[in-house]
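Student: Submitted below is the structure of interest, expressed as structure tokens.
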Amino acid sequence: MENHNKNISFTSRIQFVPWKTFCSIKQTQNKILYFHDTPNILKADEFYSMDIRTCTGGGLTKPSTREGEGFHFWDDRITQRKANDNVISLIRFVKNPERGLILGGKRLESNPLSVPLFDKFRSLISQRVKFLTEFGVHRFEDSQTHYHYNAQNDTWTLCTEYSKSDKSPLRAVNTLGTLKNAFEKISIAPGDRLFIGNKEILPKDAPEIFQS
């Protein structure tokens, strides 16, 4: 039987942390902003982006050469027209990416392009990247995700916050249950390890979110 996992890097770490911890980690000037008229792509050893709500964020990595790039795509008509060009630009920055992570999107009447664009970017990237982890579509109107990536240790650090109602305070994902509450779809690629705080979430803990 062919071993389909023989070329997988088992080093990629994805960790959800509270806001204060996230702030202590993002000690870098390589911040990816979110402008309407630029692709908002950055290749660096370390980078971060914040306030991903209705936008689509994430990055592509090549752990074998310690390369990584991040992106933060706005959910507007300009991005819709340039979606294919934006993904081609990603591949130019990191050639033959081995892994990827995509997150964001939100179902709001005021932002009708948010989910369709998230789905389009996920489809375009998955055609080019075999191992793609997804945290797709924030469930609540008042929700946001921040991310940081370090290519040296191949680690994604995420902080997702959400509020179930206007009267409820923002809470950060800190358990498997709150992670499932935060997103409509969670799909962890083979080779990626998921942590919430210091606790590793194993496939036996939530087999429905781990790709086989």
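The values are calculated or read from the model by the stated rules, or taken from the named source; none is laboratory data. Here the structure is a predicted model, which is why all the values come from computation and not from measurement. Note that we place each Cβ from the backbone using ideal geometry, even for glycine, and neighbour counts take in every protein chain shown.
Student: Of all residues in the stretch 152-192, which are in contact (Cβ under 8 Å) with a residue 60 or more places away in the chain and assigned to a helix (DSSP H, G or I)?
Tutor: The one that is in contact (Cβ under 8 Å) with a residue 60 or more places away in the chain and assigned to a helix (DSSP H, G or I): 179.
Student: Within the stretch 84-122, how many residues are among the small types (Gly, Ala, Ser) and over 21 Å from residue 145 (Cα atoms)?
Tutor: Start the filter on the stretch 84-122 by keeping residues that are among the small types (Gly, Ala, Ser), which leaves 89, 100, 104-105, 110, 114.
So of that shortlist, the ones also over 21 Å from residue 145 (Cα atoms) come out as 89.
Residues meeting the conditions: 1.
Student: In contact with a strand residue (DSSP E or B) (Cβ under 9 Å, 6 or more places away or on another chain), closer than 26 Å to residue 18 by Cα and touching a residue at least 40 places away in the same chain (Cβ under 8 Å): which single residue out of 139, 128 fits that description? Please lay out each step first, then the result.
Tutor: Details: 128 fails: closer than 26 Å to residue 18 by Cα.
Exactly one of 139, 128 is in contact with a strand residue (DSSP E or B) (Cβ under 9 Å, 6 or more places away or on another chain), closer than 26 Å to residue 18 by Cα and touching a residue at least 40 places away in the same chain (Cβ under 8 Å), namely 139.
Student: A follow-up question, please. Considering 8, 52, 25, which residue is more than 22 Å from residue 97 (Cα to Cα), of a type outside the set (D, E, K, R), modelled with pLDDT under 95 and surrounded by 14 or more Cβ atoms within 10 Å (Cβ to Cβ)?
Tutor: Working: 8 fails: more than 22 Å from residue 97 (Cα to Cα); 52 fails: modelled with pLDDT under 95.
Residue meeting the stated conditions: 25.
Student: Any idea which of (1) over 12 Å from the mean Cα position of the chain (by Cα); (2) in contact (Cβ under 8 Å) with a residue 60 or more places away in the chain is the one residue 58 doesn't satisfy?
Tutor: Looking at each condition in turn, residue 58 falls short on (1).
So that you can scan it fast, the table gives a plain yes or no per residue for (1) surrounded by fewer than 23 Cβ atoms within 10 Å (Cβ to Cβ); (2) without any contact (Cβ under 8 Å) to a residue 60 or more places away in the chain; (3) in contact with a Gly (Cβ under 8 Å, 6 or more places away or on another chain):
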site	(1), (2), (3)
76	yes, yes, no
86	yes, yes, no
93	yes, yes, no
97	no, yes, no
109	yes, yes, no
117	no, no, yes
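Student: Which residue out of 123, 143 is farther than 24 Å from residue 30 by Cβ and in a strand (DSSP E or B)?
Tutor: Numbers: 123 fails: in a strand (DSSP E or B).
Only one candidate passes the filter, namely 143.
Student: Follow-up question, since we're still on this one. So which residues in the stretch 48-98 are β-branched (Val, Ile, Thr), farther than 17 Å from residue 35 by Cβ and assigned to a loop (DSSP other than H, G, I, E, B)? So that I can check it myself, show each step before the final result.
Tutor: Within the stretch 48-98, the first condition is being β-branched (Val, Ile, Thr), and the residues that meet it are 52, 54, 56, 61, 65, 78-79, 87-88, 91, 94.
Of the ones still in play, those that are also farther than 17 Å from residue 35 by Cβ are 61, 65, 87-88, 91, 94.
Listed by number, the list holds a single entry, 94.
Student: I'd like the full set of residues that are charged (D, E, K, R) and either surrounded by fewer than 19 Cβ atoms within 10 Å (Cβ to Cβ) or in contact with a Gly (Cβ under 7 Å, 6 or more places away or on another chain) (or both), limited to the stretch 123-153. Before the answer, list the steps.
Tutor: Step one: filter the stretch 123-153 for residues charged (D, E, K, R), giving 128, 130, 134, 139, 141-142.
Selection gives 128, 130, 139, 141, 142.
Student: Hey, among 210, 195, which residue is touching a residue at least 60 places away in the same chain (Cβ under 8 Å) and among the aromatic types (Phe, Trp, Tyr)?
Tutor: That would be 195, the only listed residue that is touching a residue at least 60 places away in the same chain (Cβ under 8 Å) and among the aromatic types (Phe, Trp, Tyr).
Student: Just one of the numbered conditions (1) of a type outside the set (A, V, I, L, M, F, W, C); (2) touching a Pro at 6+ places or on another chain (Cβ under 7 Å); (3) within 19 Å of residue 31 (Cα to Cα) is not true of residue 100; which one?
Tutor: (2)
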